[in-house]
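A.B. asks: Once you've had a glance at the structure underneath, I'll fire off some questions.
What follows is calculated from the coordinates using simple rules that are stated; it is not laboratory data. Remember, it's a predicted structure, so these values are computed and weren't measured experimentally. Here the Cβ positions follow ideal geometry from the backbone for every residue, glycine too, while neighbour counts run over all protein chains shown.
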Amino acid sequence: MNRLNGKLAIVTGIGSGIGKGCALRFLAEGAQVLGCDLNAQAAQASVEEARSAGHVLHSLHPCDLTNPADVDALVAAALRELGGIDILVNAAAWGAFEFIEQMDYQRQWKATLAGEIDVVFLACKAVWPHMKARGGGAIVNFASANAYEALAGSGALAHCAGKGAVLAMTRQLAMEGGPHGIRANTISPALVVTGATQPRLDHEPGFRETVLSKMMIQRLGTPDDIAWCATYLASDEAGWVTAADFKLDGGATAW
Ligand SMILES: NC(=O)c1ccc[n+]([C@@H]2O[C@H](COP(=O)([O-])OP(=O)(O)OC[C@H]3O[C@@H](n4cnc5c(N)ncnc54)[C@H](O)[C@@H]3O)[C@@H](O)[C@H]2O)c1
């Protein structure tokens with residue numbers, strides 16, 4: 001408890017899965033949190049869930065992080081509601097899962113790059129001067145096991161490009177942030193059960209078995225598995241950790 005006492009955090013994508021898990025864990029660890037989501041109803045449900053656990057989860061919703069004006073509004077809300085920004089967790093993302101032969105250029109390929117890369121760039125750029133002014137901060141981005149390897153039978157071309165980009169750009173952010181005390185790290189999960197993955201697990205024959213066949217620990221990930229690592233990376237415990245990537249994947253990419 002209290003590993004994030006007094007920290008001021010923005011967590012994106014609080015309406016589902018990993019973003020929601022990080023927001024609730026950060027609150028339990030003593031942080032003040034402003035979340036956001038494109039899906040207003042889902043974000044509001046997370047706000048209510050936090051309230052019933054005795055916490056205040058601030059939220060700006062709907063907020064589309066592919067839109068620079070919405071990102072600016074998010075940062076303004078953080079300054080207004082929290083009084084500053086120490087932590088940015090970029091959990092919100094959207095990607096189309098399709099094989100190359102079926103992938104549409106604008107609606108799937110370009111939209112995935114915006115939904116996975118632009119959202120990270122815009123949020124990092126918007127918080128940067130405020131973290132710099134406070135003498136530092138911690139950014140946690142999400143790459144993926146897909147940044148390292150292809151998963152047999154899974155149409156994930158644009159997603160692999162998006163997550164490879166987040167992995168690479170986070171190293172660069174770490175280098176640029178070093179002199180300002182801004183740390184930037186990635187978490188690369190294998191399959192975590194969330195709103196994004198549940199439909200594929202439910203409806204794609206053999207998908208769960210293929211995913212599990214790669215794992216040394218024979219279970220799928222949970223948002224809490226990821227939130228514990230994000231807590232560490234966002235905290236002062238990780239004061240010498242930057243440009244690192246944490247593979248949280250049950251051993252899937254280590255064969
Ligand atoms: N779940 C997995 O197996 C897995 C594996 C590797 C990496 N990741 C990454 O972890 C992160 C979280 O994934 P998840 O599975 O929890 O996703 P999710 O789809 O369950 O939740 C993402 C949330 O972000 C919101 N969102 C999407 N685009 C947005 C936008 N432009 N503006 C504002 N909100 C937006 C969605 O409405 C949703 O509530 C993503 O970056 C994802 O790529 C997930």
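A.B. asks: Dividing the alpha-carbon Rg of the range 64-159 by 2.2 N^0.38 Å yields what?
C.D. replies: Output field value: 1.27.
A.B. asks: Taking the chain as a Gaussian network, where each spring joins two C-alpha atoms under 10 Å apart, which residue of 197, 242, 231 fluctuates the most?
C.D. replies: So, out of 197, 242, 231, the one fluctuating most is 197.
A.B. asks: List the GluC sites (Glu not before Pro) within the range 92-145 that fall in a DSSP loop (any state other than H, G, I, E or B) and whose Cβ has at most 10 other Cβ atoms within 10 Å.
C.D. replies: Of the GluC sites (Glu not before Pro), the ones in loops of the range 92-145 whose Cβ has at most 10 other Cβ atoms within 10 Å are 101.
A.B. asks: Could you pull out the GluC sites (Glu not before Pro) across the range 136-234 that fall in loop regions by DSSP (anything but H, G, I, E, B) with no more than 16 other Cβ atoms inside 10 Å?
C.D. replies: Within the range 136-234, the qualifying GluC sites (Glu not before Pro) (loop, at most 16 other Cβ atoms within 10 Å) are 149.
A.B. asks: Classify the range 134-255: rounded, prolate or oblate, from the alpha-carbon gyration tensor (a ≥ b ≥ c, eigenvalue square roots; a/c under 1.5 rounded; otherwise prolate if a/b is larger than b/c)?
C.D. replies: prolate
A.B. asks: Give the dimensionless ratio obtained when the Cα radius of gyration of the chain is divided by 2.2 N^0.38 Å.
C.D. replies: 0.95
A.B. asks: Something else now. Expressed as a whole percent, how much of the Cα-Cα distance distribution for the range 63-107 exceeds 13 Å?
C.D. replies: Across the range 63-107, Cα pairs with separations above 13 Å total 68 percent.
A.B. asks: Per DSSP H run of n ≥ 4, the term is -39500 (n - 2.57); total these for the chain, divide by its residue number, and report the mean residue ellipticity at 222 nm rounded to 500 deg cm²/dmol.
C.D. replies: Theoretical 222 nm ellipticity from helices: -12500 deg cm²/dmol.
A.B. asks: The range 33-95 to the range 158-219: how many Å between their Cα centroids?
C.D. replies: Measuring centre to centre over Cα atoms gives 21 Å.
A.B. asks: Go ahead and run the numbers for FRET between residue 49 and residue 73, Cβ-Cβ distance against an R0 of 22 Å, rounding to 0.05.
C.D. replies: 0.40
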